[in-house]
Protein chains: 2
Amino acid sequence: MEEKAKKLEKKLAAEPLNFESFFSKKAMAMKASEVRELLKLVEAGDVISLAGGLPAPETFPVDIIKDITAEVLEKHADKALQYGTTKGFTPLRLALARWMEKRYEIPMSKVEIMTVAGSQQALDLIGRVFINPGDVIAVEGPTYLAAIQAFKYYDPEFVSIPMDDNGMIVDVLEEKLAELKREGKRLKVLYTVSTFQNPMGVTMSVDRRKRLVELADEYDFLIVEDGPYSELRYSGEPILPIKHFDDSGRVIYLGTFSKILAPGFRIGWVAAHPHLIRKMEIAKQSIDLCTNMLGQVIAWKYVEDGHLDRHIPEIVEFYKPRRDAMLEALEEYMPEGVRWTKPDGGMFIWVTLPEGIDTKLMMEKAVAKGVAYVPGEAFFTHREVKNAMRLNFTYVPEEKIREGVKRLAEVVEEELKRLKG
Amino acid sequence: MEEKAKKLEKKLAAEPLNFESFFSKKAMAMKASEVRELLKLVEAGDVISLAGGLPAPETFPVDIIKDITAEVLEKHADKALQYGTTKGFTPLRLALARWMEKRYEIPMSKVEIMTVAGSQQALDLIGRVFINPGDVIAVEGPTYLAAIQAFKYYDPEFVSIPMDDNGMIVDVLEEKLAELKREGKRLKVLYTVSTFQNPMGVTMSVDRRKRLVELADEYDFLIVEDGPYSELRYSGEPILPIKHFDDSGRVIYLGTFSKILAPGFRIGWVAAHPHLIRKMEIAKQSIDLCTNMLGQVIAWKYVEDGHLDRHIPEIVEFYKPRRDAMLEALEEYMPEGVRWTKPDGGMFIWVTLPEGIDTKLMMEKAVAKGVAYVPGEAFFTHREVKNAMRLNFTYVPEEKIREGVKRLAEVVEEELKRLKG
């Protein structure tokens, strides 16, 4: 025995553990988000970061949260501290159903609600419940980065539908659907951030929403409508979600408290046909048993007692000057040939530079000048667009936004000169 | 257009949406936990449930949580309400590393810690990061039900290692390892609830822990050591975790606040070699971005300020009489031929009835008599044991435990009579 142990010790010293040999094939293919790695650069020094996607902490209703939390721990500690059901805390689910009925005109009778650990978890669950390897999934080009990551794990075939100022170009989708049909393929799930999209800031028009639902009925696919930014409207008229136009139960709506309360709670929700929710609930059982209860009970009081409806206008008031500052600065500083979206809400503006500029390669120069953004290619499933970038206007104060855009414009001018030179 | 819409409407009326056609193959195979369905029966009426796995809410340190939460929202709201990093809140990770070093003699220098949404999420991540379809995974027979569910999604080949009063029978594992080797197969991951096991309540002896690590080195597999109950010791001497005996970095330790603070926070942690943590961190990015921050900051203060170490003895003091009551009642009421484990801690006792009794079939009679348990077969990967059951002693007060065991004994006696008759 002793001898055997010694032999082993020698063996281990000679060949340290080969960790790679334990990883699954899928884990071997997993890569850290490049964007996150890029952003690590940014943390040092005097760099104005327009890259992040964080809400401003000034918009967190800390005093309301303090009061609610104290009340919750006084009156509902038994619920807030115990395990809950996988589908979520029922009073919160009901409060959300009522809120969506009132605000989005989605009848409570037509949806069931499940709470999730942020809507990111819903994206993973959707992958798990709906995507077989090779299934065709349509996303917007560009689309939310972490949705690509979440779905990618399940090995779909991505179809990317181009965007304009009115959101996803549904005519192109229709052509694509016909083409898929000719090839004997079926689109299974379409993912859209319908309002104040990440990363473009644009909103899908009502006509396109209606047409999209018609196409979904005709070609028999599911629509996943991700609505994290829809309450952050600084101009223009409110627009009903796609889910409102859905009669057959094929739209899965994702909501979250991250932008209307605070992201630290990690509370989101899925509103969908009960049949779809049931399967997502079973999938969630083995993933985390249930969503954190303290956060759910706090979120319940926040909705139920009307704080949510009272607080949204305050967030809007806080962000509007920041959006305006960014639009004004772009107008003032950007050289000719640069285009950008003019969002009515949300957190982002999408800037397109003249062809020939690669924003990923330009990033190092920008950071050297003291400004950061997210290169646009990361938001495409096939990285097909090189000359765009996403700017965030919610996290940084107005004067810094102006200075950041000014610095960025200088970098762009230099690039343009270099190109022409 | 109008006409087309009408045609569609007709079509939809004739053929309502076929939801099943959207589900992935894996989703089609997912089933709701039978145990959960069984437990729904129990909620009605005067049934004493010894079936659950819930901690007693009386053990939640509500006053401490109130104080900490108020302090956290006063001083650390910016952190507690914002997005965090995927790896977790650094002060909590450090506090846990120090606590494990002190309490479990696991050098901080040898592990990295990642926080997770309860250790259930760690089980899913382990499946995702390590299991290819067909990989051989060893579990205890019986083992934690939701670990089977979590791993099953990744299609492993399960090997079940039998248990006795000293935990997993490591000699049988050794035989199995040799057999696998002859077949040209490799065990990749072994999962154990090493201390006060769920569902048996037994603890793996020190000798077996050491031998297990030797075998892991010799046969090159990873050990996942799940430790949710290890602090709940009512008798006997503390025992160091398997992770303590691990020199090569192949033991992944899972901890949780669910039984030493409260489950509602959904805060657990993984302590493992940095190389393994790195991959789990990348996998977690697309699953939920980060674990809920309010819970993490509260958990940090709870550990850092010494509340954890002061509160554990209070939980132990609360549960010990319940364990004693159950052991005494079993002794007093159970007919001859019934055996049970005598745990030094944890939440469960495992009862084995004479051969021929099927505890799943007996369940309906038990509920009719006013008592519930979890049939043992659910804890086996191949449902090979029919005559056992798991009893929980933490949730129900002593007098109910006595009454519940008495009712259960009556059911067993009737079954025995029926068998003999």
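Each reported figure results from applying straightforward, stated rules to the coordinates on display, with no laboratory input. Remember, it's a predicted structure, so these values are computed and weren't measured experimentally. A quick note on method: Cβ atoms are made from the backbone with ideal geometry, for glycine too, and the neighbour counts reach across all protein chains shown.
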Candidate aspartates and glutamates for bridging to B:LYS31, where Cα separation is under 13 Å - those fewer than 8 sequence places away on the same chain excluded: A:GLU281
Filter the GluC sites (Glu not before Pro) in the range A:94-180 down to the DSSP loop ones having no more than 13 other Cβ atoms within 10 Å, then list what survives. A:GLU105
With just the Cα atoms of the range B:118-178, tell me how far they stretch along each of the three principal axes, in Å, largest first. 29, 25, 13
For q = 0.08, 0.09, 0.13, 0.14 Å⁻¹, what log10 I(q)/I(0) does the range A:76-309 give under the Debye formula with an equal point scatterer on each alpha carbon and no solvent? -0.28, -0.35, -0.74, -0.87
If each residue's Cβ is checked for other Cβ atoms within 10 Å, how do A:ILE106, A:ILE131 rank with the fewest at the top? A:ILE106, A:ILE131
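Once a ≥ b ≥ c are taken as the square roots of the eigenvalues of the Cα gyration tensor of the range A:110-245, is the result rounded (a/c under 1.5), prolate (a/b larger than b/c) or oblate (a/b not larger than b/c)? Intermediate results must be reported in sequence, preceding the final value.
Values: a/c = 1.56, a/b = 1.16, b/c = 1.35.
It is oblate, given that a/c is not under 1.5 and a/b is not larger than b/c.
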Report, as an integer, the average count of C-beta atoms from other chains found within 10 Å of each Cβ along B:289-299. 5
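To the nearest 20 Debye, how big is the dipole of the protein assembly as shown about its Cα centre, given +1 on the beta carbon of each Lys and Arg and -1 on that of each Asp and Glu? Mind showing how you got there, number by number?
Values: 118 positive and 132 negative charges, 234 e Å.
I would put it at about 1120 debye.
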Farthest toward positive dipole pole in the range B:78-306 [+1 Lys/Arg, -1 Asp/Glu at C-beta], among B:LEU289, B:VAL206, B:TYR104: B:LEU289
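Got a sec? How would A:MET28, B:MET204 order by Cβ neighbour count within 10 Å, fewest to most? All intermediate terms of the calculation are to be shown ahead of the outcome.
Numbers: A:MET28 12, B:MET204 25.
By the 10 Å Cβ count, ascending, the order reads A:MET28, B:MET204.
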Non-local residues with an amide H under 5 Å from the amide H of A:ILE161, with H modelled 1.01 Å from N and Pro and chain starts lacking one, are A:VAL139, A:GLU140, A:GLY141
quick note, the range B:78-306, DSSP beta bridge pairs, % antiparallel (nearest 5) is 40
I'd like the mean, over residues of A:18-26, of how many other protein chain beta carbons sit within 10 Å of each residue's own Cβ. 6
Histogram of C-alpha separations across the range A:158-228, 10 Å bin width, %: 20, 57, 21, 2
Rounded to 5, the percent of DSSP beta bridges in chain B classed as antiparallel: 50
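Give me the Å³ per residue figure for the convex hull around the C-alpha atoms of chain A.
On the way: hull volume 86.3 nm³, N = 421.
In chain A, the Cα hull volume divided by residue count equals 205 Å³.
Which number do you get for Rg(Cα) / (2.2 N^0.38 Å) in the protein assembly as shown?
Values: Rg = 28.2 Å, N = 842, 2.2 N^0.38 = 28.4 Å.
Against the empirical 2.2 N^0.38 Å value, I get 0.99 for the protein assembly as shown.
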Sparse-neighbourhood loop hits (GluC sites (Glu not before Pro), the range B:314-420; DSSP loop; Cβ within 10 Å at most 16 others) -> B:GLU336, B:GLU355, B:GLU384
Could you pull out every one of the lysines with an alpha carbon less than 21 Å from that of A:LYS26, ignoring same-chain neighbours closer than 8 positions? A:LYS152, A:LYS284, B:LYS25, B:LYS26, B:LYS87, B:LYS152, B:LYS185, B:LYS188, B:LYS279, B:LYS284
What aspartates and glutamates could a cross-link reach from B:LYS406, if we take a straight Cα to Cα line under 18 Å and drop same-chain neighbours fewer than 8 places away? B:ASP46, B:ASP324, B:GLU328, B:GLU331, B:GLU332, B:GLU336, B:GLU364, B:GLU398, B:GLU414, B:GLU415
What is the average number of partner chain Cβ atoms found within 10 Å of a Cβ in A:82-91? 3
Charge dipole of the protein assembly as shown built from unit charges on the beta carbon (Lys, Arg +1; Asp, Glu -1), centred at mean Cα; most positive-end Cα among B:TYR144, B:MET334, A:SER160 is A:SER160
Residue by residue, what Karplus-based ³J(HN,Hα) values in Hz, rounded to whole numbers, does the range B:189-205 have, using 6.51, -1.76 and 1.60 with θ = phi - 60° and x for Gly and Pro? 9, 10, 10, 9, 9, 6, 10, 6, 4, 9, x, 8, x, 7, 10, 5, 5
